[in-house]
Amino acid sequence: MQATRDVWDGVGFDVNPMRWPDLVPLNKAVVEAVIERGGVPANTDLMDLQYAIQKWIFPLSSLDLTPVKVDVKDLQSERASYLAREYGL
């Protein structure tokens, strides 16, 4: 997340959406920064990195990734309900 913040800090947003060509160099800079900081496993496929550079459409800078404590049984129950509803399992 810090690499993303560092790259995107100061990037202006306006009412018009960013154009694709504007995103690719920013995405590339984030991927490079993460690699430099040791955040990408050595066995990562080059295609995965290229996919992130080409397809990542926004920085997700407002996404709250704070860990939340949850009960595993609650997660299992929610999963079971979802599978039953969506797939009849």
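Here's the list of lysines a cross-link from K55 could span, going by alpha-carbon distance under 28 Å and ignoring same-chain residues fewer than 8 apart: K28. In the chain, the calculated helix contribution to ellipticity at 222 nm averages -17500 deg cm²/dmol per residue, counting -39,500 (n - 2.57) for every DSSP H run with n ≥ 4. Against the set (1) 0.96; (2) 1.11; (3) 1.17, the structure's computed Rg/Rh (Cα atoms, Kirkwood Rh) falls on (2). Shown in residue order for segment 75-87 are the 3J(HN,Hα) couplings computed by the Karplus curve 6.51 cos²θ - 1.76 cosθ + 1.60 at θ = phi - 60°: 5, 5, 5, 5, 4, 4, 5, 4, 4, 5, 5, 7, 10 Hz (x for Gly and Pro). For the residues K73, K55, K28, a GNM of the chain with alpha-carbon springs under 10 Å puts the largest fluctuation on K73. If the segment from V40 to W8 were pulled out straight at 0.36 nm per residue, it would be longer than the present Cα-Cα gap by 9.6 nm. Here the accessible area is traced with a 1.4 Å probe on the protein chains. For the chain, carbon and sulfur cover 57 percent of it.
Here's how it looks for V40: its modeled amide H is under 5 Å from none belonging to a residue 5 or more places away or on a different chain.
The values are calculated or read from the model by the stated rules, or taken from the named source; none is laboratory data. Remember, it's a predicted structure, so these values are computed and weren't measured experimentally. Heads up: the accessible areas ignore ligands, DNA and RNA and are worked out on the full protein's heavy atoms, side chains in. Shrake-Rupley method; radii C 1.70, N 1.55, O 1.52, S 1.80 Å.
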